[in-house]
Each structure stands twice: as C-alpha cells, then as structure tokens.
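Asks: Have a look at this one before I ask anything.
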Amino acid sequence: MDRVYNFSAGPSMLPLEALERAGKEITNYQGSGMSVMEMSHRSKVFQKIFDDTQAKFRRALKVPEGYKVLFLQGGASTQFSAVPLNLIGRTGKADYAVTGNFAKLAWKEAQKYGEISVAATSEDQNHTYIPAQDQLKLDPRASYFYYCANNTIYGTEWQYVPETGEVPLVCDMSSNILSRPVDVSKYGLIFAGAQKNMAPAGLTVVIVREDLAGHELPYTPLMLGYKTMIDKDSMYNTPPCWCIYMLGLTLDWLESQGGVEGMEKIKHGKAKLLYDVLDDSRLFTCAAQPGSRSDMNVTFRSVSEELDAKFVAEATAAGFTNLKGHRNVGGMRASIYNAMPVEGVEKLAEFIKKFDKEN
Ligand SMILES: *Cc1c(COP(=O)(O)O)cnc(C)c1O
C-alpha cells in the first residue's frame, strides 16, 4: 500500500521530509557510528541535538526570556496532575473551563489537590461551543485559570485568549500547538503532548514561567516537580531522546514552511475548505457551532449511523484513513494537523462532495 492520507486524531501524520531524514540517519547519525536511539543522553552528540531542538522550538513560538521549555515524558495527561501539584499552593484554589473530554479529566484530577471551580462549561450543549469571555466566572483568588485550547474530540477551538487579570493562564495545547502564533507572555504555563503536531508519542513539552516553579505541594513526586526538571534542564533522568530528535526534524520542516505564521495561513484554508463543503452538502452537518469550530479537528456526521459507516468504509478504501469519530461524539472526525498536506484535504473535500451526490 502507498502512504495514505491519515486523518488520525493522534498519533497522527508527521512531515514526510522529517520521516525520510530520520530513515536516512537511523543507523548512523551524522557519522557518529550509532543511531540516536542508541546514544547516551549525556553524550556531546545528543546534547547538541537537544540544544538545537530547544533553540528551534523557542524560535518557532518566540518563547520570551523568563520562560523555560521542558522536554518531559508522561504524556499530556501527566500534566493534569503536575499542574495542580506545582501551581495550586499559592491560594489552594483554581478555576477550570470544562469544554471537552481532556479539560474534564484535568478538572477531575485537580480536585484531589485543592478547591476547584468550574469557571465555564459547555456540557449543556454537548461541548459544541466555546464559552465567551463574559460567560467565564473568574475568581481573582484562583492560583491559575486552566483551559484546553483545542478540544480534539469535540472539534472546538478557543478563538480568543481568556482575560484573567493577575491570575496566570494554564493551557493544554496538545492538539493545536505550532499551528498558529501564540503570545507566550500571556501564559503562566503551556503544555502539549507531542503526538498530534510535533513528534512521536513519548514527549511532552512544557513551557513554564520560571517564577511559578518551586512552589509545589510538599508531597509532589520528585519527577513531577517543574523545579526538578528546570534545575536539570529536563535531564534529571533520561529524556525521550528519540522524540526530541524527531521534534527537531519537524521544526526544521516547519521553518521551511514559514514557521507558525506560515502554518496559520495554511491550516485555516484547509479547515475552511472542509467546513464549506460540509455546510453546502445535503447529507452532512458539522458538530461544532460556527465561531467555535476547530481548524485541527473537523467533526461532522451524515443523516444516519448506517450512512456514517458507509462513508468511513468507502473513504478508507479510497485512501483516507481514520475518519471515524470518537465514541463521545459519533459520526466522523477529520484531524488535519500541520503535517496533513493541503492536497489530502482537497481530495477529501472532493470525496465528500461525490459521496453527497451519490447517496
Ligand atoms: C491527546 C490529548 C491529550 C492526552 O494526551 P496524552 O499524551 O495521551 O496523555 C490531552 N489533551 C489534549 C487536548 C489532547 O488532544
């Protein structure tokens, strides 16, 4: 089989150039005589990979002074615990916006560690929208305000950065990081699992304002303390070396595409193409409400579950894979992260049009 257009929500497509370069270097990285997978993380060769990747990442998101970028393990879900453990100590309280599955999991986990308020929820309409700024119930005594920038399962995305005054913003950007510019200085902490838009699963990137670290609850596991990892530059223990290397290759590709500014233009065009075709169709409706729709995960359904199943089966046979929606939403979901070529989206749009006509 040829490479397919893989619309998986994650792990998902990586840039072909990055994969090919990794393939070329897989047994002997730049004359070192070994694979990056076989290298000591304390070696000079690996340290250079690490430093270069850090520099490329900081450049891509224009991470300002005063912020540390950490390359950790444990997935985004480990941050659901690490965030409250490290940050809630200041007042014992935090505000959460519950706009989807992962935000809800984070909110539940945080309740173990302090007094957690629901600052907003979209559960009343099955998470099909993002609450507006004036719907947020903000507590000025909260240690932080937590939200998830892109709701991978429901296909909604915050179109604004919440205003929370002095309360630090904490954001899960797992499924839209590097797809658009971000004013990092507005945030206390940003985290993202790598497997949607950056690298293979196994790496979690945390961007943390340095003054927020070092105030963790006393029983915080050593490995979950941001200070532990800041002091050791992410290498208290063995970091996810291979994934860090792959992130470096993805970032090289990203730079060649005009960086996050370039991505922002492309990704919005890709998403619009699908939303326009779906809105114009007879059979399909989009799950997310206009104004809240994600540019990364397009959720939609046809008129019946039978027709949804037929769509997914025929799409798979035509080389468009992993379009079945998450069980919480049903229907279909097309995840179109940075590495999904425009051509893949154009062809899927054509396929949707044809299916709409024929059924
Ligand atoms: C996938 C995802 C997660 C979970 O990531 P893991 O690395 O599997 O723990 C969390 N938040 C968002 C927004 C996601 O898309």
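The values are calculated or read from the model by the stated rules, or taken from the named source; none is laboratory data. Everything quoted here is computed from the prediction, not taken from an experiment. Positions of Cβ are backbone-derived with ideal geometry, glycine not excepted, and every protein chain shown enters the neighbour counts.
Asks: Output the residue which, of all residues in region 301-354 that are part of a loop (DSSP other than H, G, I, E, B), free of Cβ contacts under 8 Å to residues at least 24 places away in the same chain and more than 23 Å from the chain's Cα centre (by Cα), is surrounded by the fewest Cβ atoms within 10 Å (Cβ to Cβ).
Replies: Ser304
Asks: May I pose another question? Has region 17-26 got at least one residue that is in a loop (DSSP other than H, G, I, E, B) and farther than 30 Å from Arg333 by Cβ?
Replies: yes
Asks: Given (1) more than 24 Å from Leu247 (Cα to Cα); (2) touching a helix residue (DSSP H, G or I) at 6+ places or on another chain (Cβ under 8 Å); (3) of a type outside the set (Gly, Ala, Ser), where does Phe102 come up short, assuming only one miss?
Replies: (1)
Asks: When region 206-229 is examined, which residues are found to be in contact with a Gly (Cβ under 8 Å, 6 or more places away or on another chain) and of a type in the set (Val, Ile, Thr)?
Replies: Hit for region 206-229 is Val208, nothing else.
Asks: So for region 231-241 (the condition being closer than 21 Å to Ala149 by Cβ and in contact (Cβ under 8 Å) with a residue 60 or more places away in the chain), does at least one residue qualify?
Replies: The answer is no, given that none of the residues of region 231-241 is closer than 21 Å to Ala149 by Cβ and in contact (Cβ under 8 Å) with a residue 60 or more places away in the chain.
Asks: What's the total number of residues in region 164-196 that are in contact with a Phe, Trp or Tyr (Cβ under 8 Å, 6 or more places away or on another chain), of a type outside the set (Gly, Ala, Ser) and either free of Cβ contacts under 8 Å to residues at least 24 places away in the same chain or away from the ligand (no atom under 15 Å from the Cβ) (or both)?
Replies: 5
Asks: How many of the residues in region 62-79 are part of a helix (DSSP H, G or I) and buried (at least 23 other Cβ atoms within 10 Å of the Cβ)?
Replies: Number of matching residues: 2.
Asks: Can I ask one more? When region 30-58 is examined, which residues are found to be free of Cβ contacts under 8 Å to residues at least 24 places away in the same chain and outside any loop (DSSP other than H, G, I, E, B)?
Replies: Matches in region 30-58: Gln30, Gly31, Glu38, Lys44, Val45, Gln47, Lys48, Asp51, Gln54, Ala55, Arg58.
Asks: Given (1) within 18 Å of Ser8 (Cα to Cα); (2) in the same structural domain as Val184 (by TED's automatic domain parsing), identify the lone condition not met by Glu343.
Replies: For Glu343, the exception is condition (2).
Asks: Moving on. So is Met1 part of a loop (DSSP other than H, G, I, E, B) and either away from the ligand (no atom under 16 Å from the Cβ) or farther than 25 Å from Val182 by Cα (or both) or not?
Replies: yes
Asks: Hey, can you tell me all the residues within region 255-300 that are among the acidic types (Asp, Glu) and over 21 Å from the mean Cα position of the chain (by Cα)?
Replies: If the condition is that a residue be among the acidic types (Asp, Glu) and over 21 Å from the mean Cα position of the chain (by Cα), then Asp276, Asp279, Asp280 are the ones that fit.
Per-residue answers, yes or no, for (1) in a helix (DSSP H, G or I); (2) hydrophobic (A, V, I, L, M, F, W, C); (3) surrounded by fewer than 19 Cβ atoms within 10 Å (Cβ to Cβ); (4) more than 14 Å from the ligand (Cβ to nearest atom):
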{"residue": "Tyr96", "(1), (2), (3), (4)": "no, no, no, no"}
{"residue": "Trp107", "(1), (2), (3), (4)": "yes, yes, no, no"}
{"residue": "His127", "(1), (2), (3), (4)": "no, no, no, no"}
{"residue": "Pro131", "(1), (2), (3), (4)": "no, no, no, yes"}
{"residue": "Lys137", "(1), (2), (3), (4)": "no, no, yes, yes"}
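Asks: Of all residues in region 140-159 being assigned to a loop (DSSP other than H, G, I, E, B) and closer than 17 Å to Val98 by Cβ, which is nearest to the ligand (Cβ to nearest atom)?
Replies: The qualifying residue nearest to the ligand (Cβ to nearest atom) is Thr152.
Asks: Out of curiosity, is Thr204 hydroxyl-bearing (Ser, Thr, Tyr), within 16 Å of the ligand (Cβ to nearest atom) and under 9 Å from the mean Cα position of the chain (by Cα)?
Replies: No, not satisfied.
Asks: With the checklist (1) of a type in the set (Gly, Ala, Ser); (2) within 16 Å of the ligand (Cβ to nearest atom); (3) over 20 Å from the mean Cα position of the chain (by Cα) in hand, flag the one item Gly100 doesn't pass.
Replies: Of the numbered conditions (1) of a type in the set (Gly, Ala, Ser); (2) within 16 Å of the ligand (Cβ to nearest atom); (3) over 20 Å from the mean Cα position of the chain (by Cα), the odd one out for Gly100 is (3).
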